[in-house]
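Asker: Structure incoming, see below.
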Amino acid sequence: MKQSFIMLLFLCCGFYVSAQQEEDSLKKTASDTLKIHELDEVIIIANPTVKYMKENKALGSVDGYLEQSNALNMVKRGAYAWEPILNGMSTERSVLTIDGMRIFHACTDKMDPITSYVENTNLSSAKIEEGQSGSEYGATIAGSIDLIRRKTGFKENKTLGGSVFAGFESNNKQQIYGTTLNYSSKRFYTDIDFTYRDAENYKAGHQSGKSNEVNFSQFTKYNTSATMGVKLTERHELEGSIIYDKATDVGYPGLPMDVSLAEAIIGSVAYRYRNPSEHIRLWETKIYYNNITHKMDDSPRPVVPIRMDMPGWSKTGGFYSKILGEKGIHSFKTTLSGYLNNSLAEMTMYPNDPNEKEMFMLTWPDVNTLYGGLNIEDNISFTPHLSLLIEGGIGVHQNEIRSQLGLNSLQLFYPDLKPQKTRILKNISSHISYHHNKFLYSFGIGYGDRAPTVSEGYGFYLLNVNDNYDYVGNPYMKNEQALNTDLSVTYEREKFTAKAKVNYFYMLDYMVGKIREGVPSMNITANGIKVYEQLNNAHLFNSSLSLNYNFIEHWNLGGDASYRYGQGAKNTVLPLIQPFSYKIRVRYEQNSFYAETSVEGSTKNRNSIEFGETQKSAYAIANLALSKSFSFGKQDLILKAGVENLFNRYYSTFDDWFGIPRMGRNIYANVIYRF
Ligand SMILES: [Cu+2]
């Protein structure tokens, strides 16, 4: 406590932070891509570029921002690199992109979702599309999350801006420092940023007679990115972007191993042609490449049954080319996209007896995935109050096992396995929106399918610590298919808004690991092995409600509630399904000051015993937040402070991997200076 106040004082005296006006570019992004997608959810990521930030913990992680969405849950294997679960489905069933670029994680144990390779300063928002609306860049079941890059864009008058920021969190002594710089003119713009985070182990809430330190939950992260745009002529633009992200010494209390290095280089070049013809507003083409390196490390762990090295690599090169236009009552978009990914992961086991030979195997057998697809959307506005959105697409998906050793290993399970497999993937969906009085109604249906991921198709002895089984992929699985429907109602008045939403997924040939008797596991301590197979069907239901009410001047009351339910054939209770959860907040806001208090909680979950889940008790925690910004001419100083888990409750939720507890009381402070 004392330490954190000293730290706060230190921050206030010594550090400056800043940011430039992002609104222009946000609006621009919005008009380019959102017009025909009024159903998307957009989460604004408050990097220190906006004058007044309404986010409590502006310098929190990208994961923290994503968690605000009712459509998302974040699976936590520690304090770092949470896995986004969209509509109750893990990342295999979603398309995750950064500005339309496909990127695939390099860890066989999901320690590095691609959302872990970016920082707030790299981004302006996250766009979430649900169900088949998310198939623009590839086949999906649950939907898509596109992380939108921050960029200042071209401006009439030359501007130079920037920010310096610092943050501190008391619970894990996390220190956050960074800077952003931007320059903009009529023909050129650039955005550069750097962020550093370093955290020690976090502490769980109070439990009498027990130490609350969560061992192996520390992390260190460095991130830097640059974007540069050039206007070649009035209608032709070129843009280059690069992100470099490196995390070292990352602990994963929910797993038996940690990470010594997680590194990503993500680069792209885009070409934009504005108004190439009467009905075409924008033609954008991008080529990209990214390279992910992931090194697991069990050397900090004092006791392990056997020492292991488990590095993984994922490299993806790809492109997209899309056209946006309008003609009469139609607004349309066509996207042609493709990528080639290579995924390779190895495991070397070092027996405790030095006379025994070490064991080597490929857990991802050097698999190439080649994909090419075309997606088309048309939004037809019959009247200003009635519109119909039709989307459809088709893709070709090919896997190839490039390693002979890997092929031979999988042939133990599938003797006739061929190295190549080609699939055709398709999607179609439709949404109708109707606006009447203060209500907006939307109803949609969709159908789509997806191919197995590298782990599901070709994974070889991948340990899942939750159920303690080694998982083996199944390359013979058919495409998984989903029929989904959604319904939402929004009510909007000046002082009161409410949105209720439900969706339902009926999945066929649902991919899941099932116990295979009589085959020993590779990991000494595992219960056995599970091989991927397909359930005839599975059901998933999601619902959410959001309310916002300005009940007196300066006072706002907000609330969110959501619930999911998942069940498969053969009495399979689907894992990682969120129980009823809620958040209620009251905010007092005047001029550039606000104070907020909130309560969030959840009922107990319907746990899946088959997947090693235990039932977690209901909980509720309270939070406080304060924010004030000061302006000096063109400069701003933004101060934020707050307390999370005010009463230091000990709790763990359905999405805490291996039942690790959540963070206890945490006092944070953010200082942002922008010019
Ligand atoms: Cu890993």
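Asker: When the stretch 369-400 is examined, which residues are found to be touching a residue at least 60 places away in the same chain (Cβ under 8 Å), out of contact with any Gly (no Cβ under 7 Å at 6 or more places or on another chain), under 30 Å from Leu344 (Cα atoms) and not hydroxyl-bearing (Ser, Thr, Tyr)?
Answerer: His397, the sole residue that qualifies.
Asker: Among the numbered criteria (1) modelled with pLDDT under 95; (2) β-branched (Val, Ile, Thr); (3) within 16 Å of the ligand (Cβ to nearest atom), which one does Ile306 miss?
Answerer: Single failed check for Ile306: (3).
Asker: Can you report the number of residues in the stretch 411-442 which are free of Cβ contacts under 8 Å to residues at least 40 places away in the same chain and within 30 Å of Ala498 (Cβ to Cβ)?
Answerer: 1
Asker: Looking at the stretch 625-645, which of its residues are out of contact with any Leu (no Cβ under 6 Å at 6 or more places or on another chain), of a type in the set (A, V, I, L, M, F, W, C) and surrounded by 15 or more Cβ atoms within 10 Å (Cβ to Cβ)? Don't jump to the end; show me each part of the working.
Answerer: At the first step, the residues of the stretch 625-645 found to be out of contact with any Leu (no Cβ under 6 Å at 6 or more places or on another chain) are 625-627, 629, 631-640, 644-645.
Filter once more, so that each one left must be of a type in the set (A, V, I, L, M, F, W, C): 625-626, 632, 637-639.
Ala625, Leu626, Leu637, Ile638, Leu639, listed by residue number.
Asker: When Phe165 is evaluated against the numbered criteria (1) farther than 30 Å from Ser217 by Cβ; (2) assigned to a strand (DSSP E or B); (3) of a type outside the set (Ser, Thr, Tyr), which criterion, by number, is the only one it fails?
Answerer: So Phe165 meets the others, but not (1).
Asker: May I pose another question? Output the residue which, of all residues in the stretch 204-227 that are part of a strand (DSSP E or B) and free of Cβ contacts under 8 Å to residues at least 40 places away in the same chain, is farthest from the ligand (Cβ to nearest atom). Full working, then the answer.
Answerer: Keep residues of the stretch 204-227 that are part of a strand (DSSP E or B), which gives 204, 213, 219-227.
Filter again for free of Cβ contacts under 8 Å to residues at least 40 places away in the same chain, leaving 213, 220, 222, 224, 226.
Details: Glu213: 23, Thr220: 16, Tyr222: 19, Thr224: 23, Ala226: 28 Å.
Result: Ala226.
Asker: Another question about this same structure. Under 6 Å between Cβ atoms, which residue pairs at least 6 apart in sequence (or on different chains) link something in the stretch 245-265 that is of a type in the set (Lys, Arg) with a partner that is part of a strand (DSSP E or B) and within 14 Å of the ligand (Cβ to nearest atom)?
Answerer: Going by the 6 Å Cβ cut-off, the qualifying pairs are Lys246/Glu263.
Asker: Turning to a different aspect of this structure: Would you say Pro276 is free of Cβ contacts under 8 Å to residues at least 60 places away in the same chain and outside any strand (DSSP E or B)? Before you say what the answer is, go through the steps one by one.
Answerer: Details: free of Cβ contacts under 8 Å to residues at least 60 places away in the same chain: yes; outside any strand (DSSP E or B): no.
So Pro276 does not fit the description; no.
Asker: Could you look through the stretch 257-270, keep only residues that are within 16 Å of the ligand (Cβ to nearest atom) and surrounded by fewer than 20 Cβ atoms within 10 Å (Cβ to Cβ), and pick out the one that is farthest from Asn201 (Cα to Cα)? Please lay out each step first, then the result.
Answerer: Initial filter on the stretch 257-270 (within 16 Å of the ligand (Cβ to nearest atom)): 257-264.
Filter again for surrounded by fewer than 20 Cβ atoms within 10 Å (Cβ to Cβ), leaving 260-261, 263.
On the way: Ser260: 16, Leu261: 18, Glu263: 21 Å.
Among those residues, the one meeting the criterion is Glu263.
Asker: Which of (1) within 21 Å of the chain's Cα centre (by Cα); (2) among the hydroxyl-bearing types (Ser, Thr, Tyr); (3) within 16 Å of the ligand (Cβ to nearest atom) is the odd one out, the single condition Ser299 does not satisfy?
Answerer: That leaves (1) as the condition not met.
Asker: Mind listing whichever residues of the stretch 137-162 are assigned to a strand (DSSP E or B) and either under 15 Å from Ala126 (Cβ atoms) or not aliphatic (A, V, I, L, M) (or both)? Talk me through it step by step, then tell me what you get.
Answerer: Taking the stretch 137-162 first, the residues assigned to a strand (DSSP E or B) are 143-149, 159-162.
Once the filter is applied, which keeps residues that are assigned to a strand (DSSP E or B) and either under 15 Å from Ala126 (Cβ atoms) or not aliphatic (A, V, I, L, M) (or both), the stretch 137-162 yields Gly143, Ser144, Ile145, Asp146, Leu147, Ile148, Arg149, Thr159, Gly161, Gly162.
Asker: Looking at Ser488, Ser433, Ser442, which is the one that is crowded, with 20+ Cβ neighbours inside 10 Å, under 28 Å from Asn548 (Cα atoms) and not charged (D, E, K, R)?
Answerer: Numbers: Ser488 fails: crowded, with 20+ Cβ neighbours inside 10 Å; Ser442 fails: crowded, with 20+ Cβ neighbours inside 10 Å.
Only one candidate passes the filter, namely Ser433.
Asker: Being of a type outside the set (A, V, I, L, M) and not in a helix (DSSP H, G or I): is that true of Ser433 here?
Answerer: So Ser433 fits the description; yes.
Asker: Which condition does Gly317 not pass, out of (1) free of Cβ contacts under 8 Å to residues at least 60 places away in the same chain; (2) within 16 Å of the ligand (Cβ to nearest atom); (3) over 20 Å from Glu119 (Cα atoms); (4) not polar (S, T, N, Q), if it passes all the others?
Answerer: Only one criterion is unmet by Gly317, namely (2).
Asker: Restricting the stretch 88-114 to residues that are more than 16 Å from the ligand (Cβ to nearest atom) and under 21 Å from Gly659 (Cα atoms), which is surrounded by the most Cβ atoms within 10 Å (Cβ to Cβ)?
Answerer: Here the answer is Met89.
Asker: What number of residues in the stretch 113-131 are touching a residue at least 40 places away in the same chain (Cβ under 8 Å), out of contact with any Gly (no Cβ under 9 Å at 6 or more places or on another chain) and not aliphatic (A, V, I, L, M)?
Answerer: Total meeting the criteria: 7.
Asker: With at pLDDT 95 or above, more than 19 Å from Gln481 (Cα to Cα) and polar (S, T, N, Q) as the only criterion, which of Asn408, Asn375, Asn352 stands out?
Answerer: Working: Asn375 fails: more than 19 Å from Gln481 (Cα to Cα); Asn352 fails: at pLDDT 95 or above.
Result: Asn408 is the single residue among Asn408, Asn375, Asn352 that is at pLDDT 95 or above, more than 19 Å from Gln481 (Cα to Cα) and polar (S, T, N, Q).
Asker: A further question on this structure: Restrict the check to the stretch 584-607 and report whether at least one residue is basic (Lys, Arg) and closer than 30 Å to Arg674 by Cβ. Full working, then the answer.
Answerer: We begin by selecting, within the stretch 584-607, every residue basic (Lys, Arg); these are 585, 587, 604, 606.
Next cut, closer than 30 Å to Arg674 by Cβ only: 585, 587.
Yes, the stretch 584-607 has at least one match.
Asker: Turning to a different aspect of this structure: With Tyr289, Tyr244, Tyr273 as the choices, which residue is surrounded by fewer than 20 Cβ atoms within 10 Å (Cβ to Cβ), of a type in the set (Phe, Trp, Tyr), more than 26 Å from Val367 (Cβ to Cβ) and more than 12 Å from the ligand (Cβ to nearest atom)?
Answerer: Details: Tyr289 fails: more than 26 Å from Val367 (Cβ to Cβ); Tyr244 fails: more than 26 Å from Val367 (Cβ to Cβ).
So the residue among Tyr289, Tyr244, Tyr273 that is surrounded by fewer than 20 Cβ atoms within 10 Å (Cβ to Cβ), of a type in the set (Phe, Trp, Tyr), more than 26 Å from Val367 (Cβ to Cβ) and more than 12 Å from the ligand (Cβ to nearest atom) is Tyr273.
The values are calculated or read from the model by the stated rules, or taken from the named source; none is laboratory data. In this text the structure is predicted, and so the values were computed from the model without any measurement. Neighbour counts are summed over all protein chains in view; Cβ atoms, including those assigned to glycine, are modelled from backbone coordinates with ideal geometry.
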